[in-house]
Amino acid sequence: MDNKILEIKNLKALVSETGEEILSGIDLEIGDGETHVIMGPNGGGKSTLVNVIAGRDSYEVSSGSIKFKSKNLLNMNIDERSREGIFLAFQYPSEIPGVRPWQFMKAAVDAKRKANGDPELSVREFSKIYDDNLKKININSDLMKRSLNEGFSGGEKKRNEVFQMMMLEPNLALLDETDSGLDVDALKAVGDAVNNLRDSKRSFLIVTHYQRLLDHIKPDFVHILINGKIAESGNSDLVKKIENDGYESFA
Amino acid sequence: MTSDNNSISRKTKLEDKDYKWGFTTDVETEVVPKGLSEEIINIISSKKSEPKWLLDWRLKAYKHWLAQDKKEGEPEWAMVDYPDINYQDIHYYAAPNLSDAPKSLEDVDPEMLEAFEKLGIPLEERAQLAGVAVDAVFDSVSVATTYEKQLKELGIIFCSFSEAVKNHPDLIEKYLGSVVPYSDNYFANLNSAVFSDGSFIYVPPGVRCPIELMTYFRINTADTGQFERTLIVADKDSYVSYLEGCTAPIRKSSQLHAAVVELVALENAEIKYSTLQNWYPGTKEGVGGVYNFVTKRGKCLGKGSKISWTQVETGSAITWKYPSVILQGDDSVGEFYSVALTNNRQQADTGTKMIHIGKNTRSNIVAKGISAGEGNNTYRGQVKVLPSAENAQNFTQCDSLLIGDKCGAHTVPYIEVKNPSAKLEHEASTSKVSDDQLFYLMQRGLDEEEAHHMIITGWSKEVFKELPFEFAVEAGQLLKVSLEGAVG
Amino acid sequence: MSYIDHYKKLIESELKSNKNFYFMRAVAPGADYFIENGFPLKKKGNERWKYLDLRNVTSSNFIKSIYEERISTDFESVLEKLNSCGINIVEDEILIVGDEDNHLAGRNFIEPEGIGASSPSKTNIGEIANPEEDGFIALNAAVADITSFWIDENFSKKALNIVFAGQSQDERLVTERMCIKILKNTEVTINEIHFDSNFNTLNIPVLEIHLDKDSKLIHNKVILGSEKDMNFNFTRVFQEEGSSYQNNSFCHSPSIGSNDIKVIMSGEGSECDLRGIYFTNNKNQFNTHITVDHLAPNCKSNQFFKGVLSDESKAVFSGKIFVEKGAQKTYATQKDLNLLMSKGAEIDTKPSLEIYADDVECSHGATAGNVDENTLYYMMSRGLKKETATRMLVRGFVDEMINSISDDKIRKFASNQTELILPNLAFK
């Protein structure tokens, strides 16, 4: 018991270009199979936190440490972290002209398998998994014939992010406001997808503004992030408190 | 057309970063002394048993060329630098030593066949499986042609230029120089005087050529300038697609390649011309490599005709090339799709000219430039609408990607409009590969180089999709190989 | 080469007159260059002028205009013209170019607060406008009438108006050279106004502008041409760190001429925004030649020009964005949109990019065509005559540029001028 998949200690991070500090000492531990939710006002550092975990280099870690599966994450490149099992569902997924979603996922899945010493999947094997997952998340397959994210609506992009998460089967999934811009059906689909993926080997860190996603996903822990620090941690009851009192009561 | 995986993989699955096709074959070569003179031109012409009118045409071109001062004659406006070319230090004719042209594959010199093997030219059954007729040009003389019979049944003429001069002199006389006059520019002018061989295609009225026609060019003999001459005539209501793929062996000194390609499309005819150019680019330090100074131009002579150029240019030390279309017939269409890549010390100044003369003529330009290493890549294009071209339309899009801080990307479009009913739009952008896109792909586990490659190939797709399928696959691989080491 | 001989004499006589030797560093190379090369008439390698027929420039042996000759006959009309811009000679800061009496020549006028004549030893003539760049600039340098001044934070007027009054004689050459230094932290508007004169004159004004650190200049330029005059207008700008330069040009083509602007962004974090509209009609030829050199990182530039062409006129736009090695984080855009209104009119546009740094975002676009058929149809279906609808659309096209002129007086003036120009354009 008590295997920590992610251990963040006194993490400080700033915007590389301007030097502005966004994270001012974060301490966070996530255990195997746990689902954590981070809430907080705009500009509090929620998005920055998940991007720093994923290794985005427009942020600079000025002090502290992040350990993932007991390994020093800060020594790893973006792609190494991904192959190690970290997945970030982007708030604003990039549009990549000329790159088909299928081709992209095949390359990503193979890259991970290769890193684990597994053989590449045959086209047939891969296609089966691909089509099954598409069906589960209910994405229009015509959409997936376009270039990656090009001409996708906001909701379609988010579904595509969750679809990619299902394909890559990460150990830690970071969801950066995946629920924003979703209608009721899409929200439920995303919630179901996450719930289906929840097991003892997979943890979630979910950034959200709204309580409504939490109607579908029951978190183990909730954290309030204000001014680059975790102001309070607790269980789902904390959400009720936010509903009633707003964030100001935590500041 | 079916895919031929064997030939593709041979050409593209490459293990190290250096130029993969750097070998020379040891075939006896008949070489005319270096230098250029009336006498040399006489020798070239008589070796080919050419009619007098053609010799006269060559000599006229030669005199015109000679009358120009080299400094005044060579185009100075292109953004390329190269050492002084000594035109008297070049062999203007080289032919494999074959007293009789081979009549079948069995007659072909085995060592030459082996060379073709290495180049991945599917000369034998594979060619037929792939549905490709190959007119393989080895240095200057055409040595083998397949599919000729089948094409003959349809009335399609696909042969070497020399053969066409012998067997179809009236067609040659009618169209030679009709698109690119001998006096056109310094290099085309030189070519008109000394051209060795090339391909000739004639597609009769109403015939749709059922296969992609393909020619491989290859520079082989040391210090031999190659002066190909290609002429394609598509008669009324016909269609032909022509592919050209190139590799060249490593040579110590630079090699001048001044080819001329002329296309003529009559009423409602369509010509599609695709090029994959991967000649020796020189060393990383910029030593050697091919000077690719080529004049390619098509004329949409007939109403409703269409000419489409697609090129993927990754090779050569210097590329100077502007495949163009003269839109003379009403309702005719001109297209240009290009990906040009420069790495290390390569220089490319390439683009197109669309000259609108007829009514309702349309042209479309998509040009992608990739600069890496210390390469310089220039898009230079001209869209001209003459007063007669009522309702002419052009859309141009040219995008450049920069990889690294030592390269250059330049865009020089000339838009000249003399008719108020014209509609022209030009868009261009220059940037590096987006950090957001890279982060996204790398977050999914692709390493930096792979992520770059995927983004760049995707970005080039608008052009690649105009290529026949196996060329498109090969083109993506070529980009990857050519960019190795440029990223990260 | 007889015309060069003519100017050689002119140059020699100018050199004999009492020129301050501090100016010689610009004058001498200009003289040498012009005597050797003359006007840029050569076809080969002449990218800047390749589309224009410059032969008229050599058709007369122009002699230097003397200020008295202009102003004594024409002063009233200058005042009248200024009035039409809403500029009042008493209230506004006016510099009538060539006026020996104006304050900047340091005689009778009292210098307004915030402006001072640069001492000859400190002038930077020729430092920004390289006399060897172009035959016109060279001739200007060789025989220039030089005004050199600085403006600092204490300048409190809304704008400094520099008025080129126009000519009253044929075959006159005007070669004004202004060297303007905007000192640190200063924000100022300069309105440069060229009135037309219906005389065969050759105007080659050159402005050299140096922007010190964190200064800001709004430069409104109005060029009004006639069927007879020629105006080759050059602006050369040098930007230091954090400075900002805005140019709004309103040009009605002279018989032949140019609006030639080059901005050298030498200091990090500087910005420039160049906009303009050009009208050409009759058989006029007009060249808009814009160059922005990004030499330092983190600079931002914009070029946005529009043309309305009618009759058998010809307009040329050649814009260039140049990004030097190491000028990372450059953001540069360029756009040239043209309306071709009649058969016989010609636009040659060449928006080019030359880029040697990779972390940049540069884009350009150009269009040429007539007013949109669908819009025209829509308007006509609402009962408008084709001509009215067309003019309305052109007006809308032009207004986007006029509305971005921040100086109220010049904006109104440009708007009024547009009303006068549009009916003279043949829309067919």
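Which condition number in (1) closer than 17 Å to A:Leu168 by Cβ; (2) of a type in the set (Gly, Ala, Ser); (3) within 14 Å of chain B (Cβ to nearest Cβ) is the one that A:Ser127 fails?
With (1) closer than 17 Å to A:Leu168 by Cβ; (2) of a type in the set (Gly, Ala, Ser); (3) within 14 Å of chain B (Cβ to nearest Cβ) applied to A:Ser127, the lone miss is (3).
Which ranges mark the strands (runs of 3 or more DSSP E) fully within the range B:316-420 that have 2 or more residues being within 16 Å of the chain's Cα centre (by Cα)?
Where strands (runs of 3 or more DSSP E) fall fully within the range B:316-420 and carry at least 2 residues being within 16 Å of the chain's Cα centre (by Cα), they are B:318-321, B:324-327, B:333-342, B:347-356.
Determine which member of the set C:Phe304, C:Phe286 is more than 20 Å from C:Gln246 (Cα to Cα), away from chain B (no Cβ under 12 Å) and at pLDDT 95 or above.
Checking each option against the conditions leaves just C:Phe286.
Mind counting the residues in the range B:325-336 that are surrounded by fewer than 24 Cβ atoms within 10 Å (Cβ to Cβ) and not β-branched (Val, Ile, Thr)?
So the answer is 4.
Considering only helices (runs of 4 or more DSSP H) fully contained in the range B:428-467, which possess at least 3 residues that are at the interface with another protein chain (Cβ under 7 Å from one of its Cβ atoms) and in contact with a strand residue (DSSP E or B) (Cβ under 9 Å, 6 or more places away or on another chain)?
Once the helices (runs of 4 or more DSSP H) in the range B:428-467 are filtered for at least 3 residues that are at the interface with another protein chain (Cβ under 7 Å from one of its Cβ atoms) and in contact with a strand residue (DSSP E or B) (Cβ under 9 Å, 6 or more places away or on another chain), what remains is B:435-443, B:448-459.
Out of the strands (runs of 3 or more DSSP E) lying entirely within the range C:76-178, which hold 1 or more residues that are at pLDDT 75 or above and either surrounded by fewer than 14 Cβ atoms within 10 Å (Cβ to Cβ) or over 21 Å from the mean Cα position of the chain (by Cα) (or both)?
C:115-117
Confirm whether C:Lys19 is assigned to a loop (DSSP other than H, G, I, E, B) and at pLDDT below 85.
So C:Lys19 passes the test.
Which one is farthest from the other protein chains (Cβ to nearest Cβ) among residues in the range A:55-77 that are over 19 Å from A:Lys201 (Cα atoms) and among the small types (Gly, Ala, Ser)?
Among residues in the range A:55-77 that are over 19 Å from A:Lys201 (Cα atoms) and among the small types (Gly, Ala, Ser), the one farthest from the other protein chains (Cβ to nearest Cβ) is A:Ser63.
Report yes if some residue within the range C:194-214 is among the aromatic types (Phe, Trp, Tyr) and buried (at least 24 other Cβ atoms within 10 Å of the Cβ); otherwise report no.
no
Which of the residues that make up the range A:50-72 are outside any strand (DSSP E or B), surrounded by fewer than 19 Cβ atoms within 10 Å (Cβ to Cβ) and among the small types (Gly, Ala, Ser)?
Once the filter is applied, which keeps residues that are outside any strand (DSSP E or B), surrounded by fewer than 19 Cβ atoms within 10 Å (Cβ to Cβ) and among the small types (Gly, Ala, Ser), the range A:50-72 yields A:Ser58, A:Ser70.
So is A:Val50 in contact with an Asp or Glu (Cβ under 6 Å, 6 or more places away or on another chain) and either touching a residue at least 24 places away in the same chain (Cβ under 8 Å) or under 23 Å from A:Lys218 (Cα atoms) (or both) or not?
Against the criterion (in contact with an Asp or Glu (Cβ under 6 Å, 6 or more places away or on another chain) and either touching a residue at least 24 places away in the same chain (Cβ under 8 Å) or under 23 Å from A:Lys218 (Cα atoms) (or both)), A:Val50 qualifies.
Hey, any hits in the range B:411-428 for a residue that's crowded, with 20+ Cβ neighbours inside 10 Å, within 30 Å of A:Lys112 (Cα to Cα) and modelled with pLDDT under 95?
Within the range B:411-428, none of the residues are crowded, with 20+ Cβ neighbours inside 10 Å, within 30 Å of A:Lys112 (Cα to Cα) and modelled with pLDDT under 95.
Does A:Glu80 satisfy the condition of being crowded, with 18+ Cβ neighbours inside 10 Å, out of contact with any Pro (no Cβ under 7 Å at 6 or more places or on another chain) and at the interface with another protein chain (Cβ under 10 Å from one of its Cβ atoms)?
Criteria not met by A:Glu80.
A:Phe104: within 14 Å of chain B (Cβ to nearest Cβ), part of a strand (DSSP E or B) and under 24 Å from A:Leu197 (Cα atoms), yes or no?
no
For the range A:178-251, list the strands (runs of 3 or more DSSP E) that sit wholly inside it and hold at least 3 residues that are within 17 Å of the chain's Cα centre (by Cα); which are they?
Per the criteria, A:203-207, A:221-226.
Hey, among the residues in the range C:157-185 that are of a type in the set (S, T, N, Q) and in contact (Cβ under 8 Å) with a residue 40 or more places away in the chain, which one's nearest to C:Phe232 (Cα to Cα)?
In this case the residue turns out to be C:Thr175.
Of the residues C:Ala345, C:Ala366, C:Ala327, C:Ala315, which single one is more than 9 Å from every other protein chain (Cβ to nearest Cβ), under 25 Å from C:Pro254 (Cβ atoms) and among the aliphatic types (A, V, I, L, M)?
Going through C:Ala345, C:Ala366, C:Ala327, C:Ala315 in turn, just one is more than 9 Å from every other protein chain (Cβ to nearest Cβ), under 25 Å from C:Pro254 (Cβ atoms) and among the aliphatic types (A, V, I, L, M): C:Ala315.
Scan the range B:380-427 for residues that are within 7 Å of chain C (Cβ to nearest Cβ), among the polar types (S, T, N, Q) and under 30 Å from B:Glu449 (Cβ atoms) and jot them down.
B:Thr411
Please give the helices (runs of 4 or more DSSP H) falling wholly within the range B:21-89 in which 2 or more residues are surrounded by 13 or more Cβ atoms within 10 Å (Cβ to Cβ) and modelled with pLDDT of 85 or more.
Per the criteria, B:38-47, B:52-67.
Check the range B:460-479 and report whether any residue there is of a type in the set (Ser, Thr, Tyr), under 25 Å from the mean Cα position of the chain (by Cα) and crowded, with 24+ Cβ neighbours inside 10 Å.
yes
For (1) modelled with pLDDT of 95 or more; (2) more than 30 Å from B:Ser434 (Cβ to Cβ); (3) surrounded by fewer than 22 Cβ atoms within 10 Å (Cβ to Cβ), each residue gets a yes or a no:
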site: B:Gly351; (1), (2), (3): yes, no, no
site: B:Val366; (1), (2), (3): yes, no, yes
site: B:Ala372; (1), (2), (3): no, no, no
site: B:Val383; (1), (2), (3): yes, no, no
site: B:Asn394; (1), (2), (3): yes, no, no
site: B:Cys398; (1), (2), (3): no, no, no
site: B:Lys406; (1), (2), (3): no, no, yes
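Out of A:Gly98, A:Gly155, A:Gly117, which single residue is out of contact with any strand residue (DSSP E or B) (no Cβ under 7 Å at 6 or more places or on another chain), within 12 Å of chain B (Cβ to nearest Cβ), among the small types (Gly, Ala, Ser) and not in a strand (DSSP E or B)?
A:Gly98
Which condition from (1) at pLDDT 80 or above; (2) of a type outside the set (Val, Ile, Thr); (3) surrounded by 11 or more Cβ atoms within 10 Å (Cβ to Cβ) is the one that B:Ala115 breaks?
(1)
Can you tell me how many residues within the range C:214-245 are in a loop (DSSP other than H, G, I, E, B) and either touching a strand residue (DSSP E or B) at 6+ places or on another chain (Cβ under 7 Å) or among the basic types (Lys, Arg) (or both)?
Looking only at that region, the number is 6.
Across the range A:13-49, what is the number of residues that are farther than 25 Å from A:Glu248 by Cβ and not in a strand (DSSP E or B)?
Residues in the range A:13-49 being farther than 25 Å from A:Glu248 by Cβ and not in a strand (DSSP E or B): 7 in total.
The values are calculated or read from the model by the stated rules, or taken from the named source; none is laboratory data. Just so we're clear, the structure is a prediction, and the values are computed from it rather than from any experiment. Neighbour counts run over all protein chains shown; Cβ positions are idealised from the backbone, glycine included.
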